[in-house]
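Visitor: First, the structure itself, so that you have it in front of you.
The values are calculated or read from the model by the stated rules, or taken from the named source; none is laboratory data. Please read all numbers here as calculations on a predicted model, not as lab measurements. Quick reminder, even Gly has a Cβ in these numbers, built from the backbone with ideal geometry, and neighbours come from all protein chains shown.
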Amino acid sequence: MFVVVVGCGRVGASIAQSLIDDGHDVNVIDQNAEALGRLGDDFPGHFIQGPALETTVLERAEIERADAFVAATNGDNTNIVIAQVARDRYQVPFVIARVLDPSRAKFYAEQGLTTICPTRTAIEMMESALRAFVAESAEDA
Amino acid sequence: MYAVIVGGGKAGANVARALLRMGHEVSIIEHRPTRFATLEAEFEHMARCGDGTELFVLEAAGTARADVCIAVTGDDEDNIIIGQLSRDYFGVANVVARVNDPRNQEHFDLLGIAPTVCATESILALIEHEVPQHSLVHLFSLRRENLDILEIGVVEGSRADGATVGELSIPDGSLVISVLRNRVGRVARPDTLLAAGDQVVAIAEPGRESDLMEIFAGD
């Protein structure tokens, strides 16, 4: 499988590395050249520096032949727009976008975009940890 | 009419002023605190501080009852999201968006955000209009109608040179609107006589350029 990952922060770099470890091909896009340092020295894929909103940058990352596209920049709106561009313009079969704002993540999910909301996940996990603690305290009392 | 303007820079603030003068109701949303303070001093309760790509901010501004949403921030991805949220989430009938980088125009088109306004494109069209480098110039696109307003120079020895508008077999899907000669523009009539050096403005469906060029430029 060939995957294009946009945003080489903690999330993007880590996803790119695991895909490589699983034997897949990966190209990574990031606006900052320093982000390349987050990938291992022996990273076999291409690293393209530039704004992912530009189609020339997406095309240099060979988006046309991508089986999957990961939008994981630190901008929610950038992720939502490039994910739709990947899906609607380049017909990438599987597209996933990170969206930190729970309400935008929910709305675009309803519109058919696969969105992942780390904030929502954090809220749910912290709530459930607190509920477990409350239940435990009630039992002890 | 009620207009929600997102982006309180020069464009947003001037659109707000113009709409207010015309007697309309406006809200103007700006997220930069210092810029917001300036806007608040002028627009008072009509200025709102917040990120206009957040649903709760748009909701608090009453976007659901807006007749038009105007997305004029300095970021194209934000303007696209504002356009989509106001149209698809709040059901706003009219969306106008600013394109900051003309290379992003194709994303607005792909995602159906129209009409759009792009300063760079407008300046280029004006330069072409004032100092024509080509005999055919795109002056303006009516995106919803899918029609272009074109300006074409009449070239010496072409079919149009010395003919009336009515004599020319203007191709279907196009229409001559006006003729500019010696800095005087006139609405074109069938008996309007054309001569080399005239600037003709036509409205046409996309793809008629080469037919029109053949008539007016003879190639």
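Visitor: Does A:VAL70 qualify as being buried (at least 22 other Cβ atoms within 10 Å of the Cβ), facing chain B (nearest Cβ under 9 Å) and within 28 Å of B:PRO102 (Cβ to Cβ)?
Guide: Spelling it out, it is not the case that A:VAL70 is buried (at least 22 other Cβ atoms within 10 Å of the Cβ), facing chain B (nearest Cβ under 9 Å) and within 28 Å of B:PRO102 (Cβ to Cβ).
Visitor: With respect to A:VAL81, is the statement that it is in a helix (DSSP H, G or I), away from chain B (no Cβ under 14 Å) and among the β-branched types (Val, Ile, Thr) true? Reasoning before the result, please.
Guide: Working: in a helix (DSSP H, G or I): yes; away from chain B (no Cβ under 14 Å): no; among the β-branched types (Val, Ile, Thr): yes.
Spelling it out, it is not the case that A:VAL81 is in a helix (DSSP H, G or I), away from chain B (no Cβ under 14 Å) and among the β-branched types (Val, Ile, Thr).
Visitor: Name the residue, out of B:ASN100, B:ASN79, that is within 15 Å of the chain's Cα centre (by Cα), closer than 24 Å to A:GLU54 by Cα and within 11 Å of chain A (Cβ to nearest Cβ).
Guide: Working: B:ASN79 fails: within 15 Å of the chain's Cα centre (by Cα).
Step by step, each of B:ASN100, B:ASN79 is checked, and only B:ASN100 is within 15 Å of the chain's Cα centre (by Cα), closer than 24 Å to A:GLU54 by Cα and within 11 Å of chain A (Cβ to nearest Cβ).
Visitor: Can you name the residue in the range A:84-120 that is in contact with an Asp or Glu (Cβ under 9 Å, 6 or more places away or on another chain) and aliphatic (A, V, I, L, M) and is also nearest to the other protein chains (Cβ to nearest Cβ) among such residues?
Guide: Checked the range A:84-120; the qualifying residue nearest to the other protein chains (Cβ to nearest Cβ) is A:VAL85.
Visitor: In this structure, does A:ASP30 turn out to be modelled with pLDDT of 95 or more, within 21 Å of B:ASP76 (Cβ to Cβ) and not aromatic (Phe, Trp, Tyr)?
Guide: On the way: modelled with pLDDT of 95 or more: yes; within 21 Å of B:ASP76 (Cβ to Cβ): yes; not aromatic (Phe, Trp, Tyr): yes.
Judged against the criteria, A:ASP30 is a match.
Visitor: Ok, one more. Test B:GLY91 against the criterion of being away from chain A (no Cβ under 14 Å) and under 22 Å from B:ALA114 (Cβ atoms), and give yes or no. Let's see the steps before the verdict.
Guide: On the way: away from chain A (no Cβ under 14 Å): no; under 22 Å from B:ALA114 (Cβ atoms): yes.
Against the criterion (away from chain A (no Cβ under 14 Å) and under 22 Å from B:ALA114 (Cβ atoms)), B:GLY91 does not qualify.
Visitor: Right, here's the next one. Could you list all residues from the range A:84-98 that are surrounded by fewer than 18 Cβ atoms within 10 Å (Cβ to Cβ), more than 13 Å from the chain's Cα centre (by Cα) and not in a loop (DSSP other than H, G, I, E, B)?
Guide: The one that is surrounded by fewer than 18 Cβ atoms within 10 Å (Cβ to Cβ), more than 13 Å from the chain's Cα centre (by Cα) and not in a loop (DSSP other than H, G, I, E, B): A:ASP88.
Visitor: Looking only at the range B:1-19, which residues are farther than 13 Å from B:ALA66 by Cβ, touching a residue at least 12 places away in the same chain (Cβ under 8 Å) and assigned to a helix (DSSP H, G or I)? Steps first, answer last, please.
Guide: Residues of the range B:1-19 farther than 13 Å from B:ALA66 by Cβ: B:7-18.
Right, trim to touching a residue at least 12 places away in the same chain (Cβ under 8 Å) and you get B:7-9, B:11-13, B:15-16.
Of everything in the range B:1-19, those that are farther than 13 Å from B:ALA66 by Cβ, touching a residue at least 12 places away in the same chain (Cβ under 8 Å) and assigned to a helix (DSSP H, G or I) turn out to be B:ALA11, B:GLY12, B:ALA13, B:VAL15, B:ALA16.
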